[in-house]
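The structure is given below, and queries will be raised subsequently.
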């Protein structure tokens, strides 16, 4: 007879609902980046690339405008051309750091067409967290931004990386996190069933799938919890009950954070 038991939705089901996701509204904050460059072609590229990555941006055309923008608006990251009229990138950054503005502590990356080691070292000494050589590919820009954008909101969820993974659509991310919540709700009986059968191979396969879901949804704490339980399951042929209990506690915490982030706390 066919198995008629209800099952929880997983991210495998996402393909069936993606066409309706744009109708959903999401409270997820999109990282905002200040892009400064005196070259209009470079500005247009960065604006389009950041939009493609699901990030918002404000554009500045010289060093003076850059400092003015950063002292009145909070940005999650500063992307500053090393050579601009008014103030160059290093001087603009120094002035932003010296002012009590909302972007004073924002990480800053320098962009430059001069790729020499001496230029890179000079910019790093000036306070830049990294240097991006121009021209830059979309993948290289994505990697640089993901390395320096902070985890959003202090809630343990990495919205910036998750938005990049979902093509920049916040409504898709909200829906996928909803699916992950349902997946977490179904975990306790699944883990109990694996334990009753001492099915370590089945447990590791389930953790592998959950780890992928956590990556798509920007849940690094869940990925860490999966890794810890997987390691415990590989150390002994016995069922790792203590590690399983700790894993489920971590899942419950992540579930609460996900629900809060999507506005769906039940």
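The values are calculated or read from the model by the stated rules, or taken from the named source; none is laboratory data. A quick note: this is a predicted structure, and the numbers were derived from the prediction, not measured. Positions of Cβ are backbone-derived with ideal geometry, glycine not excepted, and every protein chain shown enters the neighbour counts.
So which residues in the stretch 60-84 are within 22 Å of the chain's Cα centre (by Cα) and surrounded by fewer than 21 Cβ atoms within 10 Å (Cβ to Cβ), if there are any at all?
Filtering the stretch 60-84 down to residues within 22 Å of the chain's Cα centre (by Cα) leaves 73-80.
Within the stretch 60-84, 73, 74 meet the criteria.
Taking the stated definitions as given, is residue 87 under 22 Å from the mean Cα position of the chain (by Cα) and outside any helix (DSSP H, G or I)? Reasoning before the result, please.
On the way: under 22 Å from the mean Cα position of the chain (by Cα): no; outside any helix (DSSP H, G or I): yes.
Considered against the rule, which asks whether it is under 22 Å from the mean Cα position of the chain (by Cα) and outside any helix (DSSP H, G or I), residue 87 comes out as no.
Within the stretch 110-126, work out how many residues are farther than 18 Å from residue 61 by Cβ and surrounded by 15 or more Cβ atoms within 10 Å (Cβ to Cβ). Steps first, please.
Taking the stretch 110-126 as the starting set, the residues that turn out to be farther than 18 Å from residue 61 by Cβ are 114-126.
If we keep only those that are surrounded by 15 or more Cβ atoms within 10 Å (Cβ to Cβ) as well, we get 119-120, 122-123, 126.
Result for the stretch 110-126: 5.
Please tell me if residue 129 is within 22 Å of residue 50 (Cα to Cα), at pLDDT 95 or above and outside the structural domain of residue 239 (by TED's automatic domain parsing).
Numbers: within 22 Å of residue 50 (Cα to Cα): yes; at pLDDT 95 or above: no; outside the structural domain of residue 239 (by TED's automatic domain parsing): yes.
The answer is no for residue 129.
Results for (1) at pLDDT 95 or above; (2) under 16 Å from residue 144 (Cβ atoms); (3) not in a helix (DSSP H, G or I), shown as yes or no for each residue.
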| residue | (1), (2), (3) |
| --- | --- |
| 15 | no, no, no |
| 20 | no, no, no |
| 27 | no, no, yes |
| 34 | yes, yes, yes |
| 44 | no, no, no |
| 54 | no, yes, yes |
| 59 | yes, no, yes |
| 66 | yes, no, no |
| 74 | no, no, yes |
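On to the next question. Just checking, how many residues over the stretch 168-225 are assigned to a helix (DSSP H, G or I) and in contact with a strand residue (DSSP E or B) (Cβ under 6 Å, 6 or more places away or on another chain)? So that I can check it myself, show each step before the final result.
So in the stretch 168-225, the residues assigned to a helix (DSSP H, G or I) come out as 170-185, 187-196, 200-217, 220-225.
Filter again for in contact with a strand residue (DSSP E or B) (Cβ under 6 Å, 6 or more places away or on another chain), leaving none.
Residues that pass the stated criteria total 0.
Conditions tested, residue by residue: (1) without any contact (Cβ under 8 Å) to a residue 40 or more places away in the chain; (2) touching a helix residue (DSSP H, G or I) at 6+ places or on another chain (Cβ under 6 Å).
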| residue | (1), (2) |
| --- | --- |
| 174 | no, yes |
| 206 | yes, no |
| 230 | yes, yes |
| 242 | yes, no |
| 261 | no, no |
